[in-house]
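A short write-up of the structure that comes next.
The values are calculated or read from the model by the stated rules, or taken from the named source; none is laboratory data. Quick caveat, the model's predicted, so the values are computed rather than measured. Every residue, glycine as well, gets a Cβ built from its backbone with ideal geometry; the counts of neighbours run over all protein chains shown.
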Amino acid sequence: MDVYDALTSERVYHKGMPPTEALREQLECSSTHFEPRLVQAFIRSVGIYPTSSLVRLESRRPAVVQAQRPDKPTQPRVKVLFHTAGHYLKPEDIDLRQSQDRIVGDEDFAAWHIDPARWLPL
């Protein structure tokens, strides 16, 4: 959706919002501005936590979403970057379906001083 891209992209006149927030906003406007079935199909295709978004785990660690799990949309595969106390760890791939950890929120790459291009899934 063009709206999703516009909401999440950095522009000269607009700071991009986190993907989960953009999806939430589109869902809230789906009954008045968009066709609800199309918005729901779009959300199913990109996932609740879109690939390449930065999330915070219950363990307080930031992680980049690497791949969706259609059968468990709240438990994607993620790459944990480092501990929030500033202790850098070797990046670790975790399948949240097989972990006690879970996503508790989304984060901003800039706030963590993380270059998102460095962590995009291949």
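Laid out as a table, the results:
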read-out: Qualifying residue in region 59-74 (condition: among the small types (G, A, S) and outside the structural domain of W119 (by TED's automatic domain parsing)); value: no
read-out: Evaluation of V80 against (1) on the phi > 0 side of the Ramachandran plot; (2) part of a strand (DSSP E or B) (one fails), failing number; value: (1)
read-out: Yes/no for I114 being of a type in the set (V, I, T) and over 19 Å from L7 (Cα atoms); value: yes
read-out: Enumeration of residues in region 27-44 that are more than 16 Å from P70 (Cα to Cα) and either of a type in the set (V, I, T) or assigned to a helix (DSSP H, G or I) (or both); value: L27, E28, T32, P36, R37, L38, V39
read-out: Among residues of region 27-66, those that are hydroxyl-bearing (S, T, Y), within 23 Å of G16 (Cβ to Cβ) and surrounded by 12 or more Cβ atoms within 10 Å (Cβ to Cβ), counted; value: 5
read-out: Members of region 24-77 found to be more than 19 Å from P116 (Cβ to Cβ) and among the small types (G, A, S), listed by number; value: S30, S31, A41, S45, S59
